[in-house]
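Read the structure below first, then the notes.
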Number of protein chains: 2
Amino acid sequence: MGEPTGNERLFLTDEQIRQGIEAMYFAYRGLTNEPDRILATMAYGRAHHRAIHFINRAPGTTVTNLLEILGVTKQSLNRVLRTLIEDGLVESRVGKVDKRERNLFLTEAGTALEARLSDAQRTRMRATYRDAGPEAVAGFRKVLEAMMDAEMRRKYTTLRETNS
Amino acid sequence: MGEPTGNERLFLTDEQIRQGIEAMYFAYRGLTNEPDRILATMAYGRAHHRAIHFINRAPGTTVTNLLEILGVTKQSLNRVLRTLIEDGLVESRVGKVDKRERNLFLTEAGTALEARLSDAQRTRMRATYRDAGPEAVAGFRKVLEAMMDAEMRRKYTTLRETNS
DNA sequence: TTGGAATGTCAACAAGGCTGACATATTGTG
DNA sequence: CACAATATGTCAGCCTTGTTGACATTCCAA
């Protein structure tokens, strides 16, 4: 077959593929470790983090929109939102044009918690990127986007465009 | 500052870092989608998948070792293992040298389920790698390893070496 | 105007984490 | 040998976060 070219090097053993899957598993755990620890001290969980994260990313978003992004049932999300609203981290305003809708915003306290959780993750991510170098980061991003299915990619790119 | 060099290009805005975190979230969901669907049809969950996966990776592993890899309590793992043993997917043999230990193995049925779940993920991973190309894959692996904390990396590399 | 669709809330249940307490069997040590 | 430490399993009970079902409110279109 001669020297391996770009395409030929793409022949990967099951073992190499398995390692990639395991790497995703362990790395994802590494990324959620610190926020989980912070949340555990205040009777919140990862679900609260996700809600806070995406409300911060798209202030004024509706419950339905959040449901689509998170991929859970409205009942499940509602429970989380209720506690966040009760605790004064999220504000729910009745929609102006369609009163069935609720527009969600972070309060000052909500923004503060978001920043705290986000800082923890970003600090780690920044260190990760620094250690791996810019070319590795470009590859990382490329593989992750290829890994999403069409639906996830749509959600991802929509958020990205909104926060250009 | 002149032309950006490799290191200077590593200055990344919060927005870029955030996108990396979101990409991990959506990609991870993409990777677990299909196994989750399969498991849901048989009253199993992700916890069962993880146990099956790592028993397959390290046949004969002890309960304690599995606990360390998964990072859960023995009560939590035991509940999962008990159902898997009852259902004839996992076999628990009393240790030969230390009879307090239990060595865990997949039965034929367990191996079959592992293969089914694994195939789904590997097929997706293979397509992902093909789409992204070999250089991107190298970067992907590099970033993921940098993302793990020391403990995760130890678990990860131990498994990798065992299955060289 | 009225029936269906969209939106959100409440109630109840299950999976799978957790802690604490305790039993059992085995091993290693003084 | 006696006893402490280790490995595993189990029971009870808690929490978070997913699920389904039922229902109220609001909007819109026939």
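Conditions (1) in a helix (DSSP H, G or I); (2) of a type outside the set (S, T, Y); (3) in contact with a strand residue (DSSP E or B) (Cβ under 8 Å, 6 or more places away or on another chain); (4) more than 14 Å from every other protein chain (Cβ to nearest Cβ), marked per residue:
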| residue | (1), (2), (3), (4) |
| --- | --- |
| A:S76 | yes, no, no, yes |
| A:E91 | no, yes, yes, yes |
| A:D119 | yes, yes, no, no |
| A:D131 | yes, yes, no, no |
| A:A138 | yes, yes, no, no |
| A:K142 | yes, yes, no, no |
| A:R153 | yes, yes, no, no |
(request) Would you point out which residue out of A:R100, A:R82 is assigned to a helix (DSSP H, G or I), away from chain B (no Cβ under 14 Å) and either in contact (Cβ under 8 Å) with a residue 40 or more places away in the chain or within 12 Å of DNA strand D (Cβ to nearest atom) (or both)? (result) A:R82
(message) more than 16 Å from DNA strand C (Cβ to nearest atom) and among the β-branched types (V, I, T): is that true of A:V94 in this structure?
(response) no
(message) Among the residues of the stretch B:24-41, what is the count of those that are free of Cβ contacts under 8 Å to residues at least 24 places away in the same chain and open to solvent by 20 Å² or more (accessible area, probe 1.4 Å)?
(response) 8
(request) Determine which single condition A:Y44 fails, assuming it passes every other condition in (1) assigned to a helix (DSSP H, G or I); (2) away from chain B (no Cβ under 11 Å); (3) within 16 Å of DNA strand D (Cβ to nearest atom); (4) open to solvent by 20 Å² or more (accessible area, probe 1.4 Å). (result) (1)
(request) Taking only the stretch B:66-94 into account, find how many residues are open to solvent by 60 Å² or more (accessible area, probe 1.4 Å) and not β-branched (V, I, T). (result) 10
(request) For the stretch B:49-65, enumerate the residues that are open to solvent by less than 30 Å² (accessible area, probe 1.4 Å), over 14 Å from B:A115 (Cβ atoms) and in a helix (DSSP H, G or I). (result) B:A51, B:F54
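Table: residues versus (1) touching a residue at least 12 places away in the same chain (Cβ under 8 Å); (2) in contact with a Phe, Trp or Tyr (Cβ under 7 Å, 6 or more places away or on another chain); (3) open to solvent by less than 10 Å² (accessible area, probe 1.4 Å); (4) farther than 30 Å from B:A40 by Cα.
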position	(1), (2), (3), (4)
B:A112	no, no, no, no
B:A120	yes, no, no, no
B:R124	yes, no, no, no
B:E145	no, no, no, yes
(message) Out of B:L89, B:L77, B:L67, I need the residue that is within 14 Å of the chain's Cα centre (by Cα), over 30 Å from A:K142 (Cβ atoms) and modelled with pLDDT of 95 or more. Which one?
(response) B:L67
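The values are calculated or read from the model by the stated rules, or taken from the named source; none is laboratory data. Computed from a predicted model, the values in this text were never measured in an experiment. Positions of Cβ are backbone-derived with ideal geometry, glycine not excepted, and every protein chain shown enters the neighbour counts. Calculation scope for accessible area: heavy atoms of the full protein, side chains included, ligands and nucleic acids excluded. Shrake-Rupley method; radii C 1.70, N 1.55, O 1.52, S 1.80 Å.
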